[in-house]
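Student: Below: one structure in structure tokens.
A short reminder: the numbers here are calculations on the coordinates, not readings from a lab. Everything numeric in this text was worked out from a predicted model, so none of it was measured. Note that we place each Cβ from the backbone using ideal geometry, even for glycine, and neighbour counts take in every protein chain shown.
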Amino acid sequence: MLQNLNAGIVRVLLAAAAAIIFLLGFLVCADVIGRAIFNSPVKGTPEIVSMSIVIICFLLAGYAVQSGSMIYTDVLVSIFGARGRAFALLLSAVLGILFFGLIVWGSFEPTLYAWTSGEYEGEGALRVPAWPARTIVLIGAALVIVSYVMHAVRAVGTLVTGRADDDIPSAPTPI
């Protein structure tokens, strides 16, 4: 149940990230054309792009972990069998939970501050509110933690039972 809910939310965030990337392409093109042809760039493009990059990264982070697409090196892990892979998955899940837990803990108060104070990024032509990026960092990191917890539970199950889980990455099959 939780795994299906997490997968659904993560896929929605993946689609949102794709839409933002698509729209940023148009914004950057308009900025370059405006700057080159009309000597008038689109105001606020650097601020919007810098905030969007942070938003895109944290929208995609949950999908990367949930789908098993995070960086995985199987040079040593592949020789240890199912329990070795499960132990490596458990270790990476614990480290991921700690790392993203620190991000959630460290970004909670600044996110509240951004919401209550009207914090913004940029000066002059366009002031971009900071709360969307801060909120996405908090939510994205929390979803990553949920995905890592599910990975850890699967890894512990494999370590206890000794049976290989299909979700635990294994060495590529030689050709």
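Student: Only Cα pairs under 8 Å and at least 6 apart count here; give the relative contact order of the chain as a rounded whole percent.
Tutor: On the way: 188 pairs, mean separation 52.1, N = 175.
Relative contact order here is 30 percent.
Student: How high is the relative contact order of segment 64-167, given as a whole-number percent (alpha carbon pairs under 8 Å, six or more residues apart)?
Tutor: It rounds to 39 percent for segment 64-167.
Student: Taking amide H atoms as placed 1.01 Å from N in the peptide plane, list the residues 5 or more away in sequence, or in a different chain, whose amide H sits under 5 Å from that of GLU121.
Tutor: The answer is VAL128, ALA130.
Student: Give me the angle, in degrees from 0 to 90, between the Cα long axis of helix 2-37 and the longest principal axis of the Cα atoms of the chain, rounded to the nearest 10.
Tutor: 30
Student: What is the angle, in °, between the Cα long axis of helix 81-117 and the longest principal axis of the Cα atoms in the chain? Nearest 10 is fine, range 0 to 90.
Tutor: It is inclined by approximately 30 degrees.
Student: Calculated from DSSP H runs of 4 or more alone, at -39500 (n - 2.57) each and per residue, what is the 222 nm mean residue ellipticity of the chain, nearest 500? Working shown, then result.
Tutor: Working: 4 runs with 126 residues, N = 175.
Per the formula, -26000 deg cm²/dmol.
Student: Taking the Cα centre of segment 1-159 as origin, work out the dipole magnitude from +1 charges on Lys and Arg Cβ and -1 charges on Asp and Glu Cβ, in debye rounded to 20. Present the calculation step by step, with values, prior to reporting the outcome.
Tutor: Details: 8 positive and 7 negative charges, 92 e Å.
Using only the charged Cβ atoms, the result is roughly 440 debye.
Student: Give a quick list of trypsin sites (Lys or Arg not before Pro) in segment 1-68 that DSSP marks as loop, anything other than H, G, I, E or B, with at most 14 other Cβ atoms within 10 Å. The partial results should precede the final answer.
Tutor: Values: sites: ARG11, ARG35, LYS43; in loops: LYS43.
Hits after loop and neighbour filter: LYS43.
Student: A further question on this structure: Out of segment 64-135, which GluC sites (Glu not before Pro) are coil in DSSP terms and have no more than 10 other C-beta atoms within 10 Å? Kindly include the intermediate steps, with their values, before the conclusion.
Tutor: On the way: sites: GLU119, GLU121, GLU123; in loops: GLU119, GLU123.
When the GluC sites (Glu not before Pro) of segment 64-135 are filtered for loop state and at most 10 Cβ neighbours within 10 Å, GLU123 remain.
Student: Another one. On a 0 to 90 degree scale, rounded to 10, what angle separates helix 131-161 from the longest Cα axis of the chain?
Tutor: 10
Student: Something else now. Could you point to the label whose value was computed as percent of Cα pairs over 21 Å apart for the structure here, given (1) 46; (2) 59; (3) 54?
Tutor: The listed entry that was calculated here is (2).
Student: Also: Please give me, ordered by residue number, the chymotrypsin sites (Phe, Trp or Tyr not before Pro) of segment 1-83 that lie in loop per DSSP and have at most 11 other Cβ atoms within 10 Å. Intermediate results must be reported in sequence, preceding the final value.
Tutor: Numbers: sites: PHE22, PHE26, PHE38, PHE58, TYR63, TYR72, PHE80; in loops: PHE38, TYR72.
Taking segment 1-83 and a limit of 11 other Cβ atoms within 10 Å, the loop chymotrypsin sites (Phe, Trp or Tyr not before Pro) found are PHE38.
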